[in-house]
Amino acid sequence: MIVPLHAGVALGDLQHLGRPEAIAVALIDTGDGLGLVDPGPSSCREALEGLVADFGARLDDVRHVFLTHIHLDHAGIAGSLAQATPRARVYVHERGAPHLVDPTRLLDSARRIYGAEMDRLWGEFLPVPVDQLVVLQGGERLSVGTRRWRVAATPGHAVHHVAYLDEHVGVVFTGDVTGEATQHGTPALPVTPPPDIDLEAWRPSLDRILEWRPESLFLTHFGEVRDPHRHIEEMWKRLLEWSDTVRASLEHPGSDDARADRFLEEQVDALASGLEPEQVKWIEQDAIRSSWFGLARYWRKKLAPPVVPVAAPVPPA
Ligand SMILES: [Zn+2]
């Protein structure tokens, strides 16, 4: 079932692994065929087909696939859609584009994380034919059918992350850079998985989005947020708190797994104290745990002593 949000813009729930409100896709009537923002992983193909049918279209009507970034939960099915529909275009930041053309490295590193679960979680990830890519840098104005869109580079969650503003309806499609929130009144939470969390780059990305003065944000996890300023500042405050907590945890004895488990437990306890039990079940615990690893990697890189080149010893004369 789709939820119409604005003229020609609807939200679809991909029901990832049968779980409601995990991954959202935006369906757009562009006036030049169907547009999808972050079409999701191939493991949600059937759900995507159903949502597109509810929107009055078919998968081969897809002409524009707008990716905020290339993580598997957002972009996994992009190559399959492109290969099946040669007229479809896939929009992606220039630093993500090479990994869509040749996903070998992307998939190798995902396989290290997900192991045997990889196929069940995400399904296949096919390459996007290079001539179907629209490569973005940020700062573009796009004319897509009857719609006028703007693009901003929004690194922080991922180095190649972008956000899109639909100028007519004032919605910014923010992928993961504005974190996650549910439709159940749970707080704005950061999403900081490895490998390229960058807090210095992150705040300017949020400011770039706020400068557009959006009416609302469309979050992949999950849905529309109608108070962009409050949501973004709440997410950012929590991100700084998490960052401090993770940095301090690196001093504690024990394994990374133990540190991440403790972080998860502390955060869930802190969040739960202000929520109804019904709301607590909507907090995505896996994402909080993996956020420890992303922030730990960020701090270890930042705190590592600089590598000083050592002069070769001068041989005795
Ligand atoms: Zn995501």
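The values are calculated or read from the model by the stated rules, or taken from the named source; none is laboratory data. What you see is a predicted model, and the numbers here were worked out from it, not measured in a lab. In this analysis, Cβ positions are derived from the backbone assuming ideal geometry, glycine residues included, and neighbour counts consider all displayed protein chains.
Before moving on, here are some points about what is shown:
- Qualifying position, being surrounded by fewer than 15 Cβ atoms within 10 Å (Cβ to Cβ) and within 16 Å of the ligand (Cβ to nearest atom), among PRO253, PRO195: PRO195
- Search result, residues across region 202-246 that are hydroxyl-bearing (Ser, Thr, Tyr) and in a helix (DSSP H, G or I): SER205, SER243, THR245
- Taken together, ALA75, ALA88 contain a single residue that is within 20 Å of TRP149 (Cα to Cα) and either touching a Phe, Trp or Tyr at 6+ places or on another chain (Cβ under 9 Å) or among the polar types (S, T, N, Q) (or both), which is ALA75.
- Checked against the criterion of being in contact with a Leu (Cβ under 8 Å, 6 or more places away or on another chain) and under 22 Å from SER291 (Cα atoms), the candidates VAL128, VAL162 yield just one match: VAL162.
- Per-region count, region 139-171, residues more than 16 Å from the ligand (Cβ to nearest atom) and either of a type outside the set (Val, Ile, Thr) or part of a strand (DSSP E or B) (or both): 20
- Only a single criterion out of (1) assigned to a loop (DSSP other than H, G, I, E, B); (2) in contact with a Phe, Trp or Tyr (Cβ under 8 Å, 6 or more places away or on another chain); (3) more than 16 Å from the ligand (Cβ to nearest atom); (4) within 29 Å of ALA110 (Cα to Cα) is not satisfied by VAL177, namely (3).
- Options LEU126, LEU121, LEU51; residue that is farther than 24 Å from ALA153 by Cα, touching a residue at least 24 places away in the same chain (Cβ under 8 Å), touching a Gly at 6+ places or on another chain (Cβ under 6 Å) and part of a helix (DSSP H, G or I): LEU51
- Members of region 260-279 found to be part of a helix (DSSP H, G or I) and free of Cβ contacts under 8 Å to residues at least 24 places away in the same chain, listed by number: ARG262, GLU265, GLU266, VAL268, ASP269, ALA270, ALA272, PRO277
- Qualifying residue in region 27-35 (condition: under 22 Å from VAL144 (Cβ atoms), among the β-branched types (Val, Ile, Thr), within 16 Å of the ligand (Cβ to nearest atom) and modelled with pLDDT of 95 or more): no
- The one condition in (1) within 19 Å of the chain's Cα centre (by Cα); (2) basic (Lys, Arg); (3) surrounded by fewer than 15 Cβ atoms within 10 Å (Cβ to Cβ); (4) within 25 Å of THR178 (Cβ to Cβ) that ARG105 fails to fulfil: (4)
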